[in-house]
Structures are given as C-alpha cells and as structure tokens.
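Structure record follows, encoded as structure tokens.
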Amino acid sequence: MKLDEQSGRIINLIEGFTGREDISLKFANQIEVALDDCFPDDNFMQDTVVMLASYCPGGGKFLYDEAEMIARLLLVKKKLEMK
C-alpha cells in the first residue's frame, strides 16, 4: 500500500475516533499500529503512538482520555492532509 493510501486509511480511522463513532481501546490500537507502521521516523507521529498506547476511555492516572486523544488526532489528521 502506498503512503498516500495508508494516510487516507489513517485519516478514515481518525475520523471514526474523533467523530466518536468508536472510541474503544481496540479502535485506538488500530490507529496506533497504522501510525507506527507508516511513520517510524516521524517524532510527532511516534509521540502520538505513545499517547495512543496510554489511552483509556475515561482516562485515569497517567492515562489519556478521549478528549485528549481527539485533540491530538485532529492535529495528526491536519498534518496528514498537508502531505
């Protein structure tokens, strides 16, 4: 799969999450793996991968909640759309 196709797939996943269609750990993990596979050398994307690995609906001690992840994923989407 080409990078632009992969970016399109990631954008679709992000839209599902940010639109609150699916904010589950399983869905967040799909985004995490896709970003990690596509952007292993991009520090911003790798920081997002770490955030997704620390995500839990509702948050918690040392965990990111859905509002924090939505804000971050909107930045990721913007970055992908600029490529």
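Read-outs: derived from the displayed coordinates by stated rules, not from any lab. Just so it is clear, the model here is predicted, and its values are computed rather than measured. Cβ: placed from backbone, ideal geometry, glycine included. Neighbour counts: every protein chain shown.
For this structure, a couple of remarks:
- Restricting segment 21-37 to residues that are among the charged types (D, E, K, R) and either under 21 Å from K2 (Cβ atoms) or touching a Ser or Thr at 6+ places or on another chain (Cβ under 9 Å) (or both) leaves a set whose member that is surrounded by the fewest Cβ atoms within 10 Å (Cβ to Cβ) is D37.
- Only one of the listed residues (F27, F62) is within 12 Å of the chain's Cα centre (by Cα) and free of Cβ contacts under 8 Å to residues at least 60 places away in the same chain. That residue is F27.
- Hey, I14 in contact (Cβ under 8 Å) with a residue 24 or more places away in the chain, hydrophobic (A, V, I, L, M, F, W, C) and surrounded by fewer than 19 Cβ atoms within 10 Å (Cβ to Cβ) or not: no
- Filtering segment 38-62 to residues that are part of a strand (DSSP E or B) and surrounded by fewer than 15 Cβ atoms within 10 Å (Cβ to Cβ) leaves only G60.
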